[in-house]
1. Taking H as built 1.01 Å from N, whose amide H comes closer than 5 Å to the amide H of Val73, not counting residues under 5 places away?
2. Lys and Arg at +1, Asp and Glu at -1: add these up for the other residues within a Cβ distance under 12 Å of Lys51 and post the number.
3. Residue separation times 0.36 nm, minus the C-alpha to C-alpha distance between Gln96 and Glu75: what's the value?
4. Estimate the FRET efficiency between His82 and Gln52 by the formula 1/(1 + (r/R0)^6), using the beta-carbon distance for r and 30 Å for R0, to the nearest 0.05.
5. To the nearest 20 debye, what is the magnitude of the charge dipole of segment 31-105 about its Cα centre, counting +1 on the Cβ of each Lys and Arg and -1 on the Cβ of each Asp and Glu?
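Just so it is clear, none of the values below were taken in a lab; they were calculated from the coordinates. What you see is a predicted model; the values in this text were computed from it and never measured. So basically every Cβ, Gly included, is an ideal-geometry build from the backbone, and we count neighbours across all protein chains shown.
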Amino acid sequence: MENLKKSEKSIKNTDPIPQHSVAVSLAATSSSLNFEKENLKTVFASIAKAKQVAIIYDGVNVNQLTFTGAFEVSESIENILHILCGLNELEYRKEQSYLLCEQKG
């Protein structure tokens, strides 16, 4: 702080970092996608970024569903979605330019 000019101020952010923000940024840069009690919105966003695909969810309240677990980035998107959808009574299907997740039935 001694090197600061009189017109400069030291700023300290005391706001806590939301857990999901940390998970998203770390998940996209490592060889595995790790989640702990993350809502599915965050999980789908991390997977979509890592796999460079669009994941759309229709009629699913992704903010209320959570997931704890890990996937290797090298794992197929189909296997990842099969597991996530199976655990949450969802189903997915491939469309032309995206993957669609929705309630079973």
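1. Ser32, Leu33
2. Result for the neighbourhood of Lys51: -2.
3. Net length gain for the segment: 5.5 nm.
4. 0.95
5. Using Cβ point charges on Lys, Arg, Asp and Glu, segment 31-105 gives about 140 debye.
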